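The values are calculated or read from the model by the stated rules, or taken from the named source; none is laboratory data. The model shown is predicted, which means the values in this text are computed figures rather than measured ones. As a convention, Cβ positions derive from the backbone with ideal geometry for all residues, glycine included, and neighbour counts pool all protein chains shown. Heads up: the accessible areas ignore ligands, DNA and RNA and are worked out on the full protein's heavy atoms, side chains in. Shrake-Rupley method; radii C 1.70, N 1.55, O 1.52, S 1.80 Å.
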Amino acid sequence: MKKKLKVIQIGTGSWGFSWVEKALQSPWVELAGLVDMKQEMLDYAVNTYHLDPSICFLTLKEAVKHVEADAAFVVVPPAFHKEVAIEALECGLHCLVEKPLAEEMEDALKMVLAAEKAGKKLMISQNYRFKRAPQTVKQLVEKGFVGEIGSVFINFQKAPHFTGFRTEMFEPLIQDMSIHHFDQIRGILGLNPVRIKAHSWNTSWSWFKGNPAASVIFEMENDAVVSYNGSWVSQGWETTWDGDWRIQGSEGEIHWHNNQVILHPSDLFVSVFQDGAVEKNGDLVFDLAAMEEEERMASIAEFAAAIAENREPETNGRDNLYSLAMVLGAKYAAKTGACVEVADLLDPRHFSKYAHIDD
């Protein structure tokens, strides 16, 4: 096995502790250090995961003085991603950052430029890309099974009774959940968005202060249109966390739902004989693509591989600016009713217009 990547994790908290578990379980990384500004959180980690107290620190500055490391896992709240990631990059560490990249496009671009200046990798953990079903759909799209994509319909329905910060957010669905689906759109279709329209709302039975339901329209590079409808307050119908997708093109449709990938080709004789697929009433039901790891473990594997091979990871920082733009654009469009041009979202001359959308 290749030499493990030595990692300092910055941030604990409830979600951060799950990252500690991943780091300890992963065959690709070694947890070289743990940083948190609260001593009680470090003490809890030491006791829970039987860590050596000598690798736990209150600041990154102290950590890099005492432990040898190649990279950092940035698992602090999004508002602090820029500050923490740039410090880690300036310390010579590659960075794997929890989604979203940042809360504002200006901060995200500063992180990207800092990584490029330091010559280090910046990757965002968009773990929903790294699952068997979306990878299967991506492969079918890349092989041209549906031809030129024209329409994509995505429905997401859940009713999670969260407590805490999500119930206080201005756009909880778009910001905290839909970032996964928006990034999947780009990863699966291989297309970037051009403009965005959106509407979001709350319901009388909602347990959220902000808007837990939204409809978003993305016009993509090849003139394809993606229609996204989501809810976190569904009164009955529930999809999987990936949602229910229909990708329609000139040669047929891919229907992905309930962890099944089904192709309905417009010409059955062209597509019926395919390895890894079973024909049922004119449709092809595909086996899911094989993956050594999925979700966050696969994100870690991709991060380590990109560093070892000196290439950009799939969900690198500069590429992820487009996924962040989809979130910021949807929030702004929902708030104002305006149609948002993605090129404007990515243009530093317009950053102030789209900043602090939640205010």
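Answer yes if at least one residue in region 134-145 is under 30 Å from Gly11 (Cα atoms), open to solvent by less than 30 Å² (accessible area, probe 1.4 Å) and either touching a helix residue (DSSP H, G or I) at 6+ places or on another chain (Cβ under 6 Å) or polar (S, T, N, Q) (or both), and no otherwise.
yes
Conditions (1) closer than 30 Å to Ala72 by Cβ; (2) hydroxyl-bearing (Ser, Thr, Tyr); (3) in contact with a helix residue (DSSP H, G or I) (Cβ under 8 Å, 6 or more places away or on another chain), marked per residue:
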{"position": "Ala85", "(1), (2), (3)": "yes, no, yes"}
{"position": "Lys99", "(1), (2), (3)": "yes, no, yes"}
{"position": "Met111", "(1), (2), (3)": "yes, no, yes"}
{"position": "Lys131", "(1), (2), (3)": "yes, no, yes"}
{"position": "Ile154", "(1), (2), (3)": "no, no, yes"}
{"position": "His161", "(1), (2), (3)": "no, no, no"}
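How do the pairs read when you match residues in region 312-335 that are more than 12 Å from Pro193 (Cα to Cα) with residues anywhere that are at pLDDT below 95 and among the aliphatic types (A, V, I, L, M), using Cβ under 8 Å and keeping only pairs 6 or more apart or on different chains?
Every condition considered, the pairs that remain are Leu328/Ile357; Lys331/Ile357; Tyr332/Ile357; Lys335/Ile357.
Determine whether Ser26 is surrounded by fewer than 19 Cβ atoms within 10 Å (Cβ to Cβ) and at negative phi. Can you show your working first?
Working: surrounded by fewer than 19 Cβ atoms within 10 Å (Cβ to Cβ): no; at negative phi: yes.
So Ser26 does not fit the description; no.
Consider only pairs whose beta carbons are under 9 Å apart and that are at least six residues apart or on different chains; among these, list those whose first residue lies in region 274-298 and is touching a residue at least 60 places away in the same chain (Cβ under 8 Å) and whose second residue is basic (Lys, Arg) and part of a loop (DSSP other than H, G, I, E, B).
Leu288/Lys131; Met291/Lys131; Glu294/Lys131; Glu295/Lys131; Ala298/Lys131
How many of the residues making up region 159-190 are assigned to a helix (DSSP H, G or I) and open to solvent by 40 Å² or more (accessible area, probe 1.4 Å)?
Within region 159-190, the subset assigned to a helix (DSSP H, G or I) is 165-168, 172-189.
Those still in the list that are open to solvent by 40 Å² or more (accessible area, probe 1.4 Å) too: 165-166, 168.
Summing the residues that are assigned to a helix (DSSP H, G or I) and open to solvent by 40 Å² or more (accessible area, probe 1.4 Å) in region 159-190 gives 3.
Restricting the search to region 1-16, which residues are in a helix (DSSP H, G or I) and either open to solvent by 30 Å² or more (accessible area, probe 1.4 Å) or modelled with pLDDT of 95 or more (or both)?
Ser14, Trp15
Quick one: count up the residues across region 80-101 that are within 19 Å of Leu346 (Cα to Cα) and open to solvent by 10 Å² or more (accessible area, probe 1.4 Å).
Residues that pass the stated criteria total 3.
Just name the residue that is surrounded by the fewest Cβ atoms within 10 Å (Cβ to Cβ) out of those in region 264-273 that are at pLDDT 80 or above and either assigned to a strand (DSSP E or B) or among the aliphatic types (A, V, I, L, M) (or both).
Pass one, region 264-273, residues at pLDDT 80 or above: 264-266.
So of that shortlist, the ones also either assigned to a strand (DSSP E or B) or among the aliphatic types (A, V, I, L, M) (or both) come out as 264-265.
On the way: His264: 17, Pro265: 20.
Looking at residues that are at pLDDT 80 or above and either assigned to a strand (DSSP E or B) or among the aliphatic types (A, V, I, L, M) (or both), I get His264.
When residues of region 33-44 are filtered for being of a type in the set (A, V, I, L, M, F, W, C) and surrounded by fewer than 21 Cβ atoms within 10 Å (Cβ to Cβ), how many remain?
3
When you go through Trp232, Trp207 one by one, which is the residue that is in contact (Cβ under 8 Å) with a residue 40 or more places away in the chain, hydrophobic (A, V, I, L, M, F, W, C) and open to solvent by 30 Å² or more (accessible area, probe 1.4 Å)? Please lay out each step first, then the result.
Working: Trp232 fails: open to solvent by 30 Å² or more (accessible area, probe 1.4 Å).
Going through Trp232, Trp207 in turn, just one is in contact (Cβ under 8 Å) with a residue 40 or more places away in the chain, hydrophobic (A, V, I, L, M, F, W, C) and open to solvent by 30 Å² or more (accessible area, probe 1.4 Å): Trp207.
Conditions: (1) within 22 Å of Glu341 (Cβ to Cβ); (2) of a type outside the set (D, E, K, R); (3) open to solvent by less than 10 Å² (accessible area, probe 1.4 Å). Phe156 meets all but one. Number of the miss?
Result: Phe156 fails condition (1) only.
Of the numbered conditions (1) without any contact (Cβ under 8 Å) to a residue 60 or more places away in the chain; (2) open to solvent by 30 Å² or more (accessible area, probe 1.4 Å), Glu104 fails exactly one; give the number of that condition.
The single condition Glu104 does not satisfy is (1).
Among what's in region 109-133 and is of a type outside the set (Phe, Trp, Tyr) and in contact with a His (Cβ under 6 Å, 6 or more places away or on another chain), pick the residue that is most open to solvent (accessible area, probe 1.4 Å).
Step by step, filter region 109-133, then rank; the result is Lys120.
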